[in-house]
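Enquirer: Here you go, one structure.
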Amino acid sequence: MNKIWLSGLFMGVLFTVYPLCAADWQQDIDELRKEVQQLHQKLYSIDERPAGTENSGNAQMRDKIDEYGATLHRISERMDELEKKIKQYNDNLDKFNQKTDVRLKVLESRKSGIEVPSALPSVSETNESAASSVGSGVINGNKPEDMYANAMQAYNNALYDEAELGFEDIIKQFPSHALASNSQYWLGEVYTKQGDFNKAKWAFKNGYEKYKNGNKGADCLYKLGVTLENQHNNKGACVVFMSFAEEFPKANAELSKKVKSEAQKLGCK
């Protein structure tokens, strides 16, 4: 939860810094506009010189024109730079607002969902609670489909702390729902993205053992092998890859091809 609190603090800082940056850029633009106006006035004054004075002041006029030309070039470059900054600022703000919306959705579902007790219940109590809640498919107003969509949106936006919370909530609150298998798999992917291969290993192992017949059972076994490979446990990875065909004889062709490719790469026999 400390990570979420820090994320909130970071968001508050960004909301403070972004408007300040925008104000600075606007001030720069206003100053450049004034400078352009002054430059136009000077050029206009040259064009309006009395007749008969051109020859005596040609050299001076050329110098002034060169000076103003250089100034205009500098202003043009500065304006281009500011336009790029403003575009980047707007793009970042859009992304930031999108991520903030995802964070709020995940945290809101946790706020309205079941409170996690300080002491873990027994297995029998957990099963009884799951059995009573799965029938309705809703817990305290939370639908697993909505929670899953929010968690996936968080994952796709690289908000891995929020995604982790979202997938864990589905597994805890709806352990018998079809999306629990998917959530267990994506929980492993979250840990993989975070570089925590040990947690990823257990997440995929649990996904295979608890939800073998679920939507992501075969994927969990495959990713278990890949995770073991990432941990330099090639022997363990080979055991997983070589058992895949027997465990999932009806797995889709693309996934089976990936498993065979990994096994060949490691020289599994």
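The values are calculated or read from the model by the stated rules, or taken from the named source; none is laboratory data. Note that this is a predicted model, so its numbers are computed, not measured. FYI the Cβ positions are ideal-geometry reconstructions off the backbone, even for glycines, and counts take in every protein chain you see.
Enquirer: So V239 passes all but one of these: (1) of a type outside the set (S, T, Y); (2) under 17 Å from A163 (Cα atoms); (3) over 24 Å from the mean Cα position of the chain (by Cα). Which condition number does it fail?
Expert: Condition (2) is where V239 drops out.
Enquirer: Of the residues that make up segment 178-191, is at least one surrounded by fewer than 23 Cβ atoms within 10 Å (Cβ to Cβ), modelled with pLDDT of 90 or more and part of a loop (DSSP other than H, G, I, E, B)?
Expert: No, segment 178-191 contains no residue that is surrounded by fewer than 23 Cβ atoms within 10 Å (Cβ to Cβ), modelled with pLDDT of 90 or more and part of a loop (DSSP other than H, G, I, E, B).
Enquirer: Is there any pair with a first residue in segment 168-184 that is on the phi > 0 side of the Ramachandran plot and a second that is crowded, with 24+ Cβ neighbours inside 10 Å and at pLDDT 95 or above whose Cβ atoms are under 7 Å apart and which are 6 or more apart or on different chains, and what are they?
Expert: Hits for this filter: zero, empty list.
Enquirer: Tell me, which residue of segment 223-236 that is among the charged types (D, E, K, R) and within 27 Å of the chain's Cα centre (by Cα) is surrounded by the fewest Cβ atoms within 10 Å (Cβ to Cβ)?
Expert: Initially, segment 223-236 is screened for residues among the charged types (D, E, K, R), giving 223, 229, 235.
From what's left, within 27 Å of the chain's Cα centre (by Cα): 223, 229.
Details: K223: 25, E229: 19.
The extreme case among them is E229.
Residues are listed down the side, and each one gets a yes or a no for (1) touching a Phe, Trp or Tyr at 6+ places or on another chain (Cβ under 7 Å); (2) of a type outside the set (S, T, N, Q); (3) at pLDDT 95 or above:
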residue: F197; (1), (2), (3): no, yes, yes
residue: G214; (1), (2), (3): no, yes, no
residue: A218; (1), (2), (3): yes, yes, yes
residue: Y222; (1), (2), (3): yes, yes, yes
residue: G225; (1), (2), (3): yes, yes, yes
residue: M242; (1), (2), (3): no, yes, yes
residue: S256; (1), (2), (3): no, no, yes
residue: K260; (1), (2), (3): no, yes, yes
residue: K269; (1), (2), (3): no, yes, no
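Enquirer: In addition: Go through the residues of segment 203-222 one by one and say whether even a single one is assigned to a helix (DSSP H, G or I), touching a helix residue (DSSP H, G or I) at 6+ places or on another chain (Cβ under 8 Å), surrounded by fewer than 22 Cβ atoms within 10 Å (Cβ to Cβ) and acidic (D, E).
Expert: No, segment 203-222 contains no residue that is assigned to a helix (DSSP H, G or I), touching a helix residue (DSSP H, G or I) at 6+ places or on another chain (Cβ under 8 Å), surrounded by fewer than 22 Cβ atoms within 10 Å (Cβ to Cβ) and acidic (D, E).
Enquirer: Right, something else. Here are some residues: E247, E229, E164. Which one is under 30 Å from D146 (Cα atoms) and among the acidic types (D, E)? Please lay out each step first, then the result.
Expert: Numbers: E247 fails: under 30 Å from D146 (Cα atoms); E229 fails: under 30 Å from D146 (Cα atoms).
When all the criteria are applied, what remains is E164.
Enquirer: In segment 231-269, what count of residues is obtained for those that are charged (D, E, K, R) and assigned to a loop (DSSP other than H, G, I, E, B)?
Expert: From segment 231-269, those charged (D, E, K, R) are 235, 246-247, 250, 254, 257-258, 260, 262, 265, 269; that's our starting set.
Remaining after also requiring assigned to a loop (DSSP other than H, G, I, E, B): 250, 269.
Number satisfying all stated conditions: 2.
Enquirer: Could you list, ordered by first residue, the pairs with Cβ atoms under 7 Å in which the first is in segment 247-269 and within 23 Å of G207 (Cα to Cα) and in contact (Cβ under 8 Å) with a residue 24 or more places away in the chain and the second is surrounded by 11 or more Cβ atoms within 10 Å (Cβ to Cβ) and small (G, A, S), at least 6 apart or interchain?
Expert: F248/A218; A251/A218; L255/A218; E262/G225
Enquirer: Only one of (1) polar (S, T, N, Q); (2) more than 20 Å from H177 (Cα to Cα); (3) more than 27 Å from the chain's Cα centre (by Cα) is not met by N213, so which one is it?
Expert: (2)
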